[in-house]
1. Specify the inter-centroid distance of segment 145-167 and segment 294-328, based on alpha-carbon positions, in whole Å.
2. Would you mind telling me which residue in Leu276, Leu83, Leu315 has the biggest mean-square fluctuation in a Gaussian network model of the chain, where springs connect alpha carbons within a distance under 10 angstrom?
3. What's the longest bit of the chain with no exposed chymotrypsin sites (Phe, Trp or Tyr not before Pro), using DSSP loop states and at most 12 other Cβ atoms within 10 Å as the test?
4. With +1 on the Cβ of every Lys and Arg and -1 on the Cβ of every Asp and Glu, and nothing else charged, how large is the dipole of the chain about its Cα centre, in debye rounded to the nearest 20?
5. Which one, Gln14, Gly305, Ile335, projects farthest toward the positive side of the charge dipole computed for the chain from Cβ point charges (K/R +1, D/E -1)?
6. Given +1 on the Cβ of Lys and Arg, -1 on the Cβ of Asp and Glu, and no further charges, what dipole in debye does segment 120-219 carry about its Cα centre, rounded to the nearest 20?
7. For a quick size check, give me the Cα extents of segment 180-254 along its three principal axes, largest first, whole Å.
8. Taking amide H positions as placed 1.01 Å from N in the peptide plane, with prolines and chain starts having none, which residues 5 or more places from Phe63, or on another chain, fall under 5 Å of its amide H?
Amino acid sequence: MPSLSTDLIRQLCQVKPPIMSASTLPPVCYWDSAVFERERHAVFGRSWIGVGRADRWKEPGDFAAMELAGVPVIVVRDIEGTLRAFANSCRHRGAMLLEGAGNCRGIKCPFHGWAYKLDGRLAGAPHMEQTLDFDRSEFGLVSFRIAERHGFAFVCLGSDTVDIDTWLGDFGDIHAPWSLETLVSARRREFEVNCNWKNFIEVFNEYYHLPYVHPDSIDDVYDPPDAPDAVTGQYATQFGTTQGTGGLLTATQEHQLPPIPGLDGRNRQGTRYTWLYPNMTFAASTEAIWMYEAYPISPGRTRIGMTICFPPEALEDAAFGDKADQYYHRCDVAIDEDIPFLEQQQRGLTSPYAKPGRYSYLEPSVANFACWYADRMVIAADA
Ligand code: FES
Ligand SMILES: [Fe+2]
């Protein structure tokens, strides 16, 4: 794992609570290849990485190939319905096994035909009968821990990371009103952005930019937010009330779908923005949740997964299709407004003269993540 300069460690040590005294992350954390390499090990190698909603894999054989901070991974639902995660690397001579997403009955290497069952066992290996002491049972796919919680799927590459429930802490209690487990994905799309993965999730979790970046689309919907919640898990979360729903543009509020069943009180009058460290974030609103996963490709480029979910009852609504289109439109408009700013921020951060800044009270989740990240990067530097 590349080591960090003494100067960078000193700067990361400034990134600590209380957030009103803290500096922002050093700009080098957003573009430097040695920092990026260190993140792969110290952050992504030791976290439960969010890979989206578990209903990406509905049926046995449904798979998706992905890169988790440079590690090619296959996620697949096996015959028994258990979600599995494997290294996307053949046990013969290492070829990548699957690309994209789809459904398969088994996993067959395109290079020399080694065939794996959906539980990772090697089922067939042609022309290996003369190979001495070759025991197929020793050549199953390398597997990783994977867990489904609250309708989300998480993969852990590291073997010494705490279990998923310890990792999430009180996440389930705080989010119980939204019945996250029951929500179904109505639309998912993927795209790439020319910014660091942290920038992408930061902007989703702060109210500061709304009047500047979204003056005509969503700014008027959002009231000043509550203080962030104190939590015990590896996440940040902040609730705020809205004028109408956060799921629609100011101009399209009349297209509201029915609220998530069971949601009441203030929870029915606002949106909770949550950042599951390191790379997954969502807004739990009155009728829907919309969410992003950020998959780093390089320091300045990130692949994004974007999903919108509704309660199953909403899909029964005769007008669901037209109304849901308005929710998709709101998300697309907001992200299309954010992206030019993110790409511009990336260019500014890359200046050799960029320096750490300070936070407003309107960006506590950004600051809380930065503290968490700095801890990971520095603790690993000492390990
Ligand atoms: S590399 Fe997969 S079968 Fe040879
Ligand atoms: Fe935004």
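1. When both Cα centres are located, 23 Å separates them.
2. Between Leu276, Leu83, Leu315, it is Leu315 that shows the largest mean-square fluctuation.
3. Here the longest segment lacking exposed loop sites spans 135-352.
4. Once rounded to the nearest 20, the dipole reads 1080 debye.
5. Gln14
6. So the magnitude is around 340 debye.
7. Principal extents (Cα only, largest first): 34, 32, 32 Å.
8. Gly102, Asn103, Cys104
The numbers here are math on the coordinates, done by the rules we state, and not lab data. All figures in this text were calculated on a predicted structure; none of them were measured in a lab. Please note: Cβ atoms are built from the backbone with ideal geometry, for glycine as well, and neighbour counts cover all protein chains shown.
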